[in-house]
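Report on the following structure.
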Amino acid sequence: MESRTAATRFMAEAAALARIEEVRSMATQDFKRNAKAGVRAMWALGDYHAFATALVWTVGPELVSACGIGSGQGVLDVAAGTGNVAIRAAEAGADVVASDLTPENFEAGRREAAARGVQLDWVEADAEALPFSDGAFDVVTSSFGAIFAPEHKAVAGELLRVCRPGGTIGMANFTPEGLAGTFFELLGRYAPPPPPGPPPLLWGTESHVRELLGDGLDSLELERREYVERPPDPEAYCELFKRTFGPMIATREGLRDDPERLAALDSELLEFARRSNRGAPEGPAEYPYEFLLVVARKRAA
Ligand SMILES: C[S@@+](CC[C@H](N)C(=O)[O-])C[C@H]1O[C@@H](n2cnc3c(N)ncnc32)[C@H](O)[C@@H]1O
């Protein structure tokens, strides 16, 4: 009798624990879904294509060339934005899929591709769960994109999974020591806390990339490089951020009811833009951003 009571109690407790686990997992899923929706809404703000073409458009061809992308190759660009890498890969003759969490930016990418006379596919996709089969691409790229997904291990696993054995994974990742580190630290002090997980700029450190990609590779080349953003002057640089760059627009919007903090952010941004300018006094302004160029060859079967 006593052992039956104990068994019944055990079953009831096990069922309750399973239910708690189920609710916890549903809450986590909900939290993640909402966080993704928030990230997508943020990157859809402003005019990312205007931002990218004014400031980071030189990096796309650099990554295409570093990965040796050429005619007939199947290329997936992850967190492609409006096609900085993807459009250049298509211009090099590759069959390209541009994927991103934020499809709102695809229209600008399609227009840019059409103006350049190339065609590519645009697919909404989370870098942590890519909707493509194993080994589907010869080359998988991401410039300043996949780094923003909070689950780095999941992203690395997906980049490796969709790349064919013997294929190439190429990334351009901001380093934490470079200007992007200073900029995102500034912005982060005014923005809501980021989703839990390692910071995006950790992808710009050699040890982190080695740890994430290392096991499944034949070779891994890592090189620190620099590209230069060239707005007319520091004031125009700040205005460009405020008008076109989603994370800056979202952060300023979040401070709408706190004019003092909004003014403090604007003043810190201007101070950053003046202090970091390496250009000649007559202009244009020059902002050298350090990044880690990653070229990984996936182990041949
Ligand atoms: C700084 S932009 C870089 C875009 C482009 N690669 C370039 O070089 O211009 C960052 C991009 O990452 C995308 N992104 C952020 N989180 C993502 C995720 N979890 N999965 C896929 N894309 C994501 C954003 O939508 C945005 O387009």
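Only protein heavy atoms count here; on that basis, with a 1.4 Å probe, Cys238 has an accessible area of about 10 Å².
For GluC sites (Glu not before Pro), the sites in segment 259-290 that DSSP calls loop and that have at most 14 other Cβ atoms within 10 Å are Glu282, Glu286. Residue by residue, segment 61-72 carries 3J(HN,Hα) couplings of x, 5, 6, 4, 5, 4, 8, x, 6, x, 4, x Hz when phi is fed to the Karplus relation 6.51 cos²θ - 1.76 cosθ + 1.60 (θ = phi - 60°); x denotes Gly or Pro.
For the peptides 184-196, 149-161, the ranking by mean Cβ contacts within 10 Å, running from highest to lowest, is 149-161, 184-196.
For the chain, what is the calculated [θ] at 222 nm in deg cm²/dmol (nearest 500), taking -39500 (n - 2.57) for each run of four or more DSSP H residues and dividing by its residue count? Walk me through the numbers before you get to the answer.
Values: 11 runs with 142 residues, N = 301.
Taking each H run of at least 4 residues, the total per residue is -15000 deg cm²/dmol.
Taken per residue, the accessible surface of segment 218-266 reaches 55 Å², heavy atoms only and a 1.4 Å probe. Using Cβ point charges alone (K and R +1, D and E -1), the dipole size of the chain about the Cα centre works out to roughly 520 debye. Once the Cα atoms are used to define both axes, helix 106-115 deviates from the longest principal axis of the chain by about 40 degrees. Rg/Rh, computed from the Cα trace of the chain with Rh as the Kirkwood radius, has the value 1.06. Note on segment 64-120 and segment 152-196: Cα centroid distance 19 Å, given to the nearest whole angstrom. Here the chain carries DSSP beta bridges of which approximately 55% are antiparallel, counting only pairs with both residues inside. Give me the Kirkwood hydrodynamic radius of segment 104-216, using the inverse of the mean 1/r over all pairs of distinct Cα atoms, in Å to one decimal. Roughly 15.8 Å, rounded to one decimal. Across segment 209-301, the convex hull enclosing all Cα atoms gives 146 Å³ per residue.
Relative to the compact-globule scaling 2.2 N^0.38 Å, provide the ratio for the alpha-carbon radius of gyration of segment 53-127.
Details: Rg = 11.0 Å, N = 75, 2.2 N^0.38 = 11.3 Å.
Normalised Cα radius of gyration, segment 53-127: 0.97.
The values are calculated or read from the model by the stated rules, or taken from the named source; none is laboratory data. From a predicted model like this one, the values you see are computed outputs, not experimental measurements. In this analysis, Cβ positions are derived from the backbone assuming ideal geometry, glycine residues included, and neighbour counts consider all displayed protein chains. The protein model used for the area step is the full one, side chains on, heavy atoms only, and it has no ligands, DNA or RNA in it. Shrake-Rupley method; radii C 1.70, N 1.55, O 1.52, S 1.80 Å.
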